[in-house]
1. More than 12 Å from the chain's Cα centre (by Cα), within 13 Å of CYS138 (Cα to Cα) and modelled with pLDDT under 80: is that true of ALA3 in this structure?
2. Just one of (1) β-branched (Val, Ile, Thr); (2) touching an Asp or Glu at 6+ places or on another chain (Cβ under 7 Å); (3) part of a strand (DSSP E or B) trips up ILE67, so point out which.
3. In the stretch 117-169, which residue that is over 30 Å from ALA36 (Cα atoms) and among the hydroxyl-bearing types (Ser, Thr, Tyr) is modelled with the lowest pLDDT?
4. Check whether at least one residue in the stretch 30-50 is at pLDDT 75 or above, acidic (Asp, Glu), in contact with a helix residue (DSSP H, G or I) (Cβ under 8 Å, 6 or more places away or on another chain) and on the phi < 0 side of the Ramachandran plot, and report yes or no.
Amino acid sequence: MSAFFTARLRHFTLQSASMDFDWLIIDGYNLLHQDAALEGRRDDLPTARQRLVRRIEQSASGMASKITVVFDGREGGRDEALDAPNLEVLFSPSNRTADGVIEQMVHDAKNPARILVVTSDWIEQRLVSVFGASVISCREFLLRCETPLTPARRQKPSKGSTLGDFFPQ
């Protein structure tokens, strides 16, 4: 892994709990296949997609002002039935993958540094980070969706405590 890519991932991982992105782009099937909440429901893809999109809508709306979920598709286009305020669902055309559509979105963006891409595809992570976007794995994204975003609190030392009390061996 290149030093640039490692630093880029580290930058996002160590970032404060309040995320500050304009656009969240999600590799839909990549996330769907890693979401344990959809285990046993993947045989019915339309229902699994709908459940995933609703989960994203409920838990990720505070991460960015715009959310786009991109799925691989045959005909391409938008599924307005799954759309919600600030959330759109796109399908790649038959001659392109969702990865290719995501790469094009990031490449064409006016300010890619304000984009967070959710994918566990290593090659996709590298490509979008080269264009300037931040990346997060599907697993990390799902953990953030399950965990309420609260700022870290400082622990006050009690009387008589020593530095060793805060750094157990």
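1. Considered against the rule, which asks whether it is more than 12 Å from the chain's Cα centre (by Cα), within 13 Å of CYS138 (Cα to Cα) and modelled with pLDDT under 80, ALA3 comes out as no.
2. Failed condition: (2).
3. SER158
4. Yes.
The values are calculated or read from the model by the stated rules, or taken from the named source; none is laboratory data. Computed from a prediction, not measured in an experiment: that's the story for all the values here. Quick reminder, even Gly has a Cβ in these numbers, built from the backbone with ideal geometry, and neighbours come from all protein chains shown.
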